[in-house]
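Comments concern the structure below.
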Amino acid sequence: MGTPASTAGLRIKEKSRRKKSSANSFALIFILPSLVLYTLFVIVPTLGSVYLSFTSWDGISEDIRFIGLANFAEIWQSPRVHNALKNTLILTVSLVLLENVAAIAMALMVDRVRWFKNLFRSLFYFPTLLSGVVMGFVWTMILNYNFGVFNQILNAVGLGSWALDWLGNPDYAMVSIILSTVWKGAGYYMIIYLAGLQGIPTELSEAASIDGANSRQQFRFITFPLLAGSLTVCMVLSTISALKIFDQIAVMTDGGPGFATETLTYIIYKVGFGELRQGFGTALALVLFVLILIVTVIQVQVLRKREVQH
């Protein structure tokens, strides 16, 4: 028979265990509706898509014929898919670099400007409020060869020979999409970098200035290293966004001219809904998912090491 103290301790432990079990039960009750919805609308369709990637389903008929790895073999051998992958990688690398450079530059400007700080912040952030479709239509009008604002400005300043069919020329269509997407997306990442800048103690810059460091040296050795956390977030988000870009291409170029701007996401749409090859499109979507997962994991691991070092 235990002592009164040990008996009281056991009672307290038992009471704590029952209380914890009751709390877990209540938590499960609150989680269950969301879990059911998530299972029905995410997990089940995902598993269904994995199965469809091994079929030749056209998306309409009830005939779902299992064909094994034929879709993946075609993806491996298809020149069209290889071209879309190349375009996707070019677009991704360009957008990640340009969006983050522009976002850091805008964040530094907004952080250091003395007058109209909120005005600049609003102007830089405003494009992100537009949907990809609206942004695509706006830039299609701006870059139109016949009546676009951009070509009219070139003609007005005597540079009419530079006027081009920016979206109809294979050499410039991708560049046009990249620059217009940077215009839309950089403001979003600017907010993240701005939050990071405002979290850096001003004493560090003041001490460096006293020691004789100029603005460039302060940015290189103090500001940029301390933005490592913000850089990780923005790089990962911009990479995922670029790998699955769709709206701008659908509106501005329809994957053309030819296949010059066709990306993996757009070929999934064209094959699945335009050519009625849902099985092949689903297989390609699965490949894209794996690609995004691999790139994101590698990117996070590399950038996290940089954070630890600083």
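Among rounded, prolate and oblate, which fits the chain when a ≥ b ≥ c are the square roots of the eigenvalues of its C-alpha gyration tensor, a/c under 1.5 means rounded, and a/b larger than b/c means prolate?
Working: a/c = 2.47, a/b = 1.16, b/c = 2.12.
Because a/c hits 1.5 or more and a/b fails to exceed b/c, the chain counts as oblate.
Could you state the accessible area per residue of the chain in Å², with a 1.4 Å probe and every protein chain left in place?
With the other protein chains kept in place, the chain gives 62 Å² per residue.
By Kyte-Doolittle mean hydropathy of at least -0.5 and Cα axial length of at least 24 Å, which whole DSSP H helices of the chain are selected?
Values: long enough: 4-38 (50 Å, 0.09); 79-112 (49 Å, 0.94); 173-198 (38 Å, 1.20); 278-309 (46 Å, 1.32).
Helices meeting the criterion: 4-38, 79-112, 173-198, 278-309.
Within the range 56-127, list the trypsin sites (Lys or Arg not before Pro) lying in a DSSP loop whose Cβ has at most 15 other Cβ atoms in a 10 Å radius. Display every interim value, and only then the final one.
On the way: sites: Arg65, Arg80, Lys86, Arg112, Arg114, Lys117, Arg121; in loops: Arg65, Arg114.
Filter output for the range 56-127: Arg65, Arg114.
Which value in nm describes the separation of the simple spin-label points at Val50 and Val295, placed 7 Å from the Cα toward the beta carbon?
Going by the 7 Å Cα→Cβ label model, 2.3 nm.
Based on the alpha-carbon gyration tensor of the range 154-281 and its eigenvalue square roots a ≥ b ≥ c, which shape applies: rounded if a/c is under 1.5, prolate if not and a/b is larger than b/c, or oblate?
Oblate.
Only Cα pairs under 8 Å and at least 6 apart count here; give the relative contact order of the chain as a rounded whole percent. It would help to have the intermediate numbers written out before the result.
Working: 321 pairs, mean separation 85.3, N = 310.
Relative contact order of the chain: 28 percent.
Label 7 Å along Cα→Cβ of Arg306; the range 202-237 residues with amide nitrogen under 16 Å?
Label zone hits: 219-237.
What full-extension length gain, to one decimal in nm, is calculated for Met141 and Lys117 as 0.36 nm per residue of separation minus the Cα-Cα distance?
Details: separation 24, 0.36 × 24 = 8.64 nm, distance 3.05 nm.
Between Met141 and Lys117, full extension yields 5.6 nm more.
Ignoring everything except DSSP H segments at least 4 long, calculate the 222 nm mean residue ellipticity for the chain; use -39,500 (n - 2.57) per segment, divide by total residues, nearest 500.
On the way: 14 runs with 213 residues, N = 310.
Result for the chain, helices only: -22500 deg cm²/dmol.
What is the packing order of peptides 211-217, 136-142, 72-78, taking the mean over residues of other C-beta atoms within 10 Å and listing the highest first? All intermediate terms of the calculation are to be shown ahead of the outcome.
Working: 211-217: 10.7, 136-142: 17.6, 72-78: 14.3.
My ranking of the peptides, most packed first, is 136-142, 72-78, 211-217.
Which of the peptides 92-99, 180-187, 285-292, 31-38 is most tightly packed, and how do the rest follow, going by the mean number of other Cβ atoms within 10 Å of each residue? Mind dumping the intermediate values first?
Numbers: 92-99: 19.5, 180-187: 23.5, 285-292: 17.1, 31-38: 10.4.
So the order, starting with the most tightly packed, is 180-187, 92-99, 285-292, 31-38.
Would you list, by chain and number, the aspartates and glutamates whose Cα falls below 19 Å from the Cα of Lys244, excluding same-chain residues fewer than 8 positions away?
Glu99, Asp254, Glu262
Would you please classify the overall shape of the range 206-310 from the alpha carbon gyration tensor, given that a ≥ b ≥ c denote the square roots of the eigenvalues, rounded means a/c under 1.5, and beyond that prolate means a/b larger than b/c while oblate covers the rest?
Numbers: a/c = 5.65, a/b = 2.48, b/c = 2.28.
It is prolate, given that a/c is not under 1.5 and a/b is the larger ratio.
First compute the accessible area of the range 78-305 with a 1.4 Å probe, then give the percent of it belonging to carbon and sulfur atoms. Walk me through the numbers on the way to the answer.
Numbers: 8130 of 12090 Å².
Here it works out to 67 percent.
The values are calculated or read from the model by the stated rules, or taken from the named source; none is laboratory data. Owing to the predicted nature of the structure, the values given are computational and were not obtained by experimental measurement. Here the Cβ is made from the backbone with ideal geometry for all residues, glycine too, and neighbour counts use every protein chain on show. Ligands, DNA and RNA are stripped out before the accessible areas are found, and what is left, the full protein with its side chains, is counted by its heavy atoms. Shrake-Rupley method; radii C 1.70, N 1.55, O 1.52, S 1.80 Å.
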